1. Just checking, how many residues over the range E:142-158 are in contact (Cβ under 8 Å) with a residue 24 or more places away in the chain and in contact with a Ser or Thr (Cβ under 7 Å, 6 or more places away or on another chain)?
2. Just one of the numbered conditions (1) out of contact with any Pro (no Cβ under 6 Å at 6 or more places or on another chain); (2) buried (at least 24 other Cβ atoms within 10 Å of the Cβ) is not true of residue A:219; which one?
3. Just checking, which of C:43, C:132, C:72, C:31 is surrounded by 22 or more Cβ atoms within 10 Å (Cβ to Cβ) and under 30 Å from residue B:58 (Cα atoms)?
4. Quick check: is even one residue across the range A:135-146 small (Gly, Ala, Ser), modelled with pLDDT of 85 or more and not in a helix (DSSP H, G or I)?
5. Return the residues of the range D:69-109 that are β-branched (Val, Ile, Thr) and facing chain E (nearest Cβ under 8 Å); say none if nothing qualifies.
6. Which residues, taken from the range C:100-114, are within 14 Å of residue C:280 (Cα to Cα) and either of a type in the set (Val, Ile, Thr) or open to solvent by less than 30 Å² (accessible area, probe 1.4 Å) (or both)?
7. Note down all Cβ pairs under 8 Å where the first residue falls in the range C:159-186 and is more than 16 Å from residue D:232 (Cβ to Cβ) and open to solvent by 10 Å² or more (accessible area, probe 1.4 Å), the second is acidic (Asp, Glu) and part of a helix (DSSP H, G or I), and they're at least six residues apart or on different chains.
8. Note down all Cβ pairs under 8 Å where the first residue falls in the range E:261-282 and is surrounded by fewer than 16 Cβ atoms within 10 Å (Cβ to Cβ), the second is among the β-branched types (Val, Ile, Thr), and they're at least six residues apart or on different chains.
Amino acid sequence: MANASAANSTGQQASPAPRPIQAGVTLDFATLLGVAGGFILITSAMILGGSLGSFIDIPAMLIVLGGTFMVTSISYTLKEVVRAQSVMLRAIAYRQQQPSDAAMQILSLADVARKQGSVLELQKHMQNLRNTPFLHKAISLVVDGIPADDVARILEREVYATMQRHMKSAGILRRAGEVAPAMGLIGTLIGLVQMLGRLEDPSTIGPAMAVALLTTFYGAVLANMVFTPLASKLERNADVEAQVNQIYAMGTASIGRQENPRRLEVALNSILPPSERVRYFD
Amino acid sequence: MANASAANSTGQQASPAPRPIQAGVTLDFATLLGVAGGFILITSAMILGGSLGSFIDIPAMLIVLGGTFMVTSISYTLKEVVRAQSVMLRAIAYRQQQPSDAAMQILSLADVARKQGSVLELQKHMQNLRNTPFLHKAISLVVDGIPADDVARILEREVYATMQRHMKSAGILRRAGEVAPAMGLIGTLIGLVQMLGRLEDPSTIGPAMAVALLTTFYGAVLANMVFTPLASKLERNADVEAQVNQIYAMGTASIGRQENPRRLEVALNSILPPSERVRYFD
Amino acid sequence: MANASAANSTGQQASPAPRPIQAGVTLDFATLLGVAGGFILITSAMILGGSLGSFIDIPAMLIVLGGTFMVTSISYTLKEVVRAQSVMLRAIAYRQQQPSDAAMQILSLADVARKQGSVLELQKHMQNLRNTPFLHKAISLVVDGIPADDVARILEREVYATMQRHMKSAGILRRAGEVAPAMGLIGTLIGLVQMLGRLEDPSTIGPAMAVALLTTFYGAVLANMVFTPLASKLERNADVEAQVNQIYAMGTASIGRQENPRRLEVALNSILPPSERVRYFD
Amino acid sequence: MANASAANSTGQQASPAPRPIQAGVTLDFATLLGVAGGFILITSAMILGGSLGSFIDIPAMLIVLGGTFMVTSISYTLKEVVRAQSVMLRAIAYRQQQPSDAAMQILSLADVARKQGSVLELQKHMQNLRNTPFLHKAISLVVDGIPADDVARILEREVYATMQRHMKSAGILRRAGEVAPAMGLIGTLIGLVQMLGRLEDPSTIGPAMAVALLTTFYGAVLANMVFTPLASKLERNADVEAQVNQIYAMGTASIGRQENPRRLEVALNSILPPSERVRYFD
Amino acid sequence: MANASAANSTGQQASPAPRPIQAGVTLDFATLLGVAGGFILITSAMILGGSLGSFIDIPAMLIVLGGTFMVTSISYTLKEVVRAQSVMLRAIAYRQQQPSDAAMQILSLADVARKQGSVLELQKHMQNLRNTPFLHKAISLVVDGIPADDVARILEREVYATMQRHMKSAGILRRAGEVAPAMGLIGTLIGLVQMLGRLEDPSTIGPAMAVALLTTFYGAVLANMVFTPLASKLERNADVEAQVNQIYAMGTASIGRQENPRRLEVALNSILPPSERVRYFD
C-alpha cells in the first residue's frame, strides 16, 4: 500500500496534476448510420417495387410534417419549440464523458487533496476543469468551505434537475412521435372520405387510395424512424450524463468529508460496470 | 464579497426595495398558432381534394361533440364540467412567472431581511407581493412568527396540493381526449351497420361509408389536435408554476431560518436551468 | 386575537356546539345526465339513419352482456360480483361532504377542546357526529386517551385502507370496461367466420356483416359510455372521500396534540383549493 | 372493561384456547362459473349461427395453443412452466382465510399471552396453528425470544417476498395472455398470405379467410376468457393472502411488544373493511 | 443447539471448509425449446397450407431485419449494439446460482467466522469463491476491515447498479421488439401503395398484397417470438441474480456485524420461497 502511493506521487511537494479531460464534441455514428441506413433501406424498397414518384405527395407531406409541428407546439411554448431543433442535433453530435474517465479524474483530485492535506490545494487545478462545468462547480463549492453534507445535497439536487430538464427536451420529440401517426391517420381519413364521395369511376379508386395511405406512411416513418429513436437516444445520453455527474458528486462529497480516497475508489467501483471499473491506487 | 454587498445596498438604512413582479396575463402564441395552424392545414387539404361540404355532417358532429361532453361529464361533477370550459381558456391566456424572476425576487427579500436583521422588516414590502399570492402567503407565515420548519412543511404541502389540483383540471381534457375517438368509433359503427343493412343499391355504398367515417375523423381531430395537446399544455404550466412556488418555498424557509442569502442563491441555482441561473450578489 | 375568539364564543361556559353535518344522500346529476344524454344521442342517430330495429339483436346482446359478466366474475369472488351491482348505484346516488365543510367542523371541535381545556369535553358533542362515522371514530380515539401519534397513525392507515377498498370496487367496473370490447371482438369474429363460410349468396353478406358488427358496437358502447366513465366517477369519489378523511385525521391529531386551532386552520388551508379555503377564526 | 374480560375467560387458570382455523381447500365458484358460462355462451352463439364444425381447425389450434406455450416458456425456465399448470388450478381451488377470522385468531392469541403474562404460554397453542404456517412461524419467532422489532422486520420481509412470488406466478398467465393474440395474428397472417397467393378461384376466398380468422379467434378467446382473468384472480388471491399475513404480522409484533390487545384490536380494525371489523373484547 | 453445532463441525480446529459452488455455464432449455418449437410450429403451418416459398421474400426480410437493426441502433451507441448480439446469447447459455445454494454458502462462511471468532479466518476460504465474484468482493470488503454498515451500503449499491445494467441490456431487445412491427407496418404500406398504383390488372392484386403482408408477418414473428420473449428472459435472469446477490449482501453484512448465524438463517429464509428454504443448523 505504501509503495503503491509512492508509485503515484514522487513526493509530497510534487503533487500529481489531475489530467484535464479531452471532452471534445464527437459525432454519434450510431445515430447517423441508423437514420441514414434506415432511409436508404426503405427508399430501395420503393424503387425496387416501382417508381419513387408514387411515394411523393407534397400536400400529404404538409399535413403530416406541418401538422406534427403545429400540434406539438401547442403543448409547449414557442421558445421550447425553437430550441427543439437544436435538441435534435444534440442526438447526433455531443460531448460525453466515459464514467470511468470521470471516476479517474475525481480520484486524482481526491488524491491531491489528501496528499496536500487541504482541499484549498485543489484551487490550483481548477483551470483544468473548465471542460467539465459540473465538476468545476462542485470543486468550487468545496473550496469555498461549504460543509460536505450541504455540498452533497446541492449537487444531488442539480443532478436531478439537470436530468429532468434533459428528459423534458427529449419529451418534445417523444410527443412529436405520438402526434405524427395521428396526423397521418387524419390525413388518410380525409383522403378516404374524398375518395368514397366519388366512387363512380372505379379506375380512380386505386390511385386515390394510394395517396390517402401516404399520410399514414409518412406518419409511421417520421414517428418510428426519426422522432421516437432520437428521443430514446437523448434520454440515454441524459442517463449517462447523470451517471457521470453522480460520480463527480460522490467524489466531491468524499473530498469535502476528507475521507480516504481508497474508500472512494471502492464506492465508485460499486456503481461502475465491471468493464469500466477503475484502479487508481496500486 | 464586502464590496459586492456594498454595490447592492448603499447602506443599512436605505434597504433596497424588492421589485414587484409584472405578472400580467399573456396570450400563449404557441397554443394559438398551433391550434389555428393545424386547422388551416387540414382545411386546405379538404378543399384541395374536393369540396369542404363533404366533411360537414351535423348529426355526426352531434354524436362526437355531444357524446364526448356527455360521457366526459359522467366521470366528474356538473361543477367541474362547467369549470372545464374556463380551464381550456387558461391554456391560451394565463399569467406565468419565469423561475429566474421568482429567484431574483425571493433573493431580494432574503437580502432585505438579512440586512435589517429581522424578518419583521419584510412586512413593509408585502404590498408589493399582491401579484404573487403564494409568495405573499409564504412571507406572512414567516412574519407571523411560525417556525421555519413548519413554514417549509405547510408550503410544501400547498405546492403539492396546487399541482394535484391543476393536474386534475388537465385530466378532464385528457379524459375528453380519450372519449372523443371512442365516440367516433361508435358513430362509425352505427353508420356501417346502417349501410350494410341496405347494400342492394351499390351506388349508395361510397357516400354512406364516407359519412360513417366522418365521426371517426371528428373524433381523431378533436382528440389529437385539441383536447390532448391542450391537456399537455396545462400540465406543463402546472409544472412551471410548481417550480416557481418551489423556489418561493425554498427561499421563504431559508429566510425563516435566517440563513445567509448567498447560500440561498447557490441552492436556487442548483435547480434552475443554466440559462436561467441568477446572480443577485456580485 | 382576543376579540376574534370572543366573537366566536360568548363565554367559557357556553361553548359553541359544533354543527352536525347535513350529509344526506344526493343524486349525482352529472352521472345521470351523462349516461342518459349519451344514450339519447346515439339512439337518435340510429333512428335518423333508418330503423332502430337493425341495432337490436338478442344473441349479440347475450354474448356481450353475459360474457362480460361471466368473464369479469372470474377475476373476483361471487360476493364481490354481487356487490358490484350496488357499487354502480353509488356512482349515481351517494353521500359526500365538501372538504371545506369538513374543515369547518373539525375546526369547531378543535376550538371547543381548546376553550374547555380538555379533549374530554368533546364527548358531549359526539352524538352530532353520527353522520360522519370516520370523524366519530377519530374523536373517540382521542377521547379514549390514545396518544396523538398513535391516533394519527391509526387514522392514516384507515384512510389508506378505505381508499384502496374503494379503488378495488371501481376496479371491477374498470375490468368490465376492458372485457366488454374483447367480448365484442369475439362475437364479431364468430359472425365473420359464419358469414365467410357461406359466401355463395352475396345478398346475405351485408346483413350478416351488420349483425357481426353489432357485438363490437355493444362492446364499445358498454365500455366507453357505461363501465369506464362510472369507474372514473367512483375513483373520483374515493379521492374526495380520502381528502375529507385526511382533513379529519389532520384535525384529530392536532386536537390530540393540543395544538393551537389557528395553526390547524393554516395547515388545513394549505391543502384546500383556494375557492374552498375556510376562515373559522376572525 | 373488567366484566368484558371476565366474559371472555372464566379465570386466570382456564385460559381460552384460541380456536384453530378451518382452512380447508374450497372451490372458487366464481372462477368455475365464469369460465364455464363464458364458453357455453360463445358455443351457443356458434351453434345458433350454423354448425360448430366451422369453428374447429386442428392446425389453427396447434399454432395458437402450442405457440403460446412455446413462446411463453422462452421467458421462464422449464421448472416454472411446468409449475404454471398447477398455478392455474390454484385459481379454481385454494385455501383462503377471511381477514376477519385471522384478526379474531391473532386477538385470541394476544389475549392468552396477556392474561398469562408470558408469551411462552403461546407454545401450548401452537399445535392449533398447523393450518396457518405463516402464523405458526410468526408465533415461534416470538416464543424463541427474538426481539419484537426483529420479528416485525422478518415477517414484513416474508409478506413482501411471498406476494412477489405469487405475482410472478400470475405473471406467467398474464404473459400467456399477451402471447396468445400475437400467435393468433401470426396464424391469420399465414392464412391470408396463402389465400392471396391463389386468388384465381373466388369460391375458395370465403372459406380460406374463415380459417385464417380462426387463429385470431382462438387467440382472443384464450387471452380474454382464460389467461388474463385467471391471472387477475391469482393476483387478487395474493392480495388477500398478503392482507391476512399482514394481520398476523401486526398481531405478532404487538404480542412481542406485550402491548394491550385492545390497542391491537383498534389497529387491526383500521385496516379491515367496515363489514369485516371484529369485536373480540366487549 | 450444542449438538447441532457439533454435528456441523467436528471441532474448533478443523473448521468446515465452505463448499465452492459449481457454477458452470448451462444451456437454458426453455429458451431453446421455446424458440425452436415456435418456429417449427409456424413453419409446419406454412408448409401444410401450400409451399414455404410464398413466405420468403428477400427485400421484405431486408426491410424488417435491416430496418429493425438500423432503427434500434439509433437509440444506442455502436458499442452497445454490437454487445447486444452477445446479450442475446446470454438468454440461452448462462451461469446461474440457485438462491438456496447461495444461502447455504453464505451460512457456511458465517459459521466459520463465528466458530473461529474472527472474520479474518475467512481469508483462507477466499480461493473457493473465485466462481462467485460478487461474494468474493463482498467477503474481501469485510476482511479488509471496512465497517459492516459501509459494506452493506456498498454492496446494496452494487446489487442495484448491476440490476440496472442488465435491465438496460434487456432494454435493447425490448426496443427491437417495438421497432420490428413498426418496420413491418412501413413495409406493408410501401407494398400497398405500389399495388394500388397499378390496379388495372386484377390478377396481380392477390400476389402483390401477399407480398405486402409479408413484412407485417416478419415483424410480428420477430417481435413476438424472438425479441420480446428473450428480453423477458434476460429480465428474469437479472432478477434472480439480484436475489442471489441480495442474499450474499445480507449474509456479508451479518458476518461483518458478527451476528449469530442462526439469526441470519431465519432472515434468509424469510425471503426464500418455501421450497428453497435452507436448514444449515440442526
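1. Counting residues in the range E:142-158 that are in contact (Cβ under 8 Å) with a residue 24 or more places away in the chain and in contact with a Ser or Thr (Cβ under 7 Å, 6 or more places away or on another chain) gives 4.
2. Tallying (1) out of contact with any Pro (no Cβ under 6 Å at 6 or more places or on another chain); (2) buried (at least 24 other Cβ atoms within 10 Å of the Cβ), residue A:219 fails exactly one: (1).
3. Of C:43, C:132, C:72, C:31, the one residue that is surrounded by 22 or more Cβ atoms within 10 Å (Cβ to Cβ) and under 30 Å from residue B:58 (Cα atoms) is C:31.
4. Yes: the range A:135-146 contains one or more residues that are small (Gly, Ala, Ser), modelled with pLDDT of 85 or more and not in a helix (DSSP H, G or I).
5. Scanning the range D:69-109 gives D:71, D:72, D:74, D:77, D:81.
6. Residues satisfying the conditions are C:100, C:102, C:103, C:105, C:106, C:107, C:108, C:109, C:110, C:111, C:112.
7. C:162/C:241; C:163/C:239; C:163/C:241; C:166/C:235; C:166/C:241
8. Filtered contacts from the range E:261-282: E:263/D:146.
The values are calculated or read from the model by the stated rules, or taken from the named source; none is laboratory data. Predicted model only: the values in this text are computed from it and were never measured. With ideal geometry, Cβ positions are generated from the backbone for all residues, glycine too; neighbour counts draw on all protein chains shown. Accessible surface areas use protein heavy atoms only, side chains included; no ligands, DNA or RNA. Shrake-Rupley method; radii C 1.70, N 1.55, O 1.52, S 1.80 Å.
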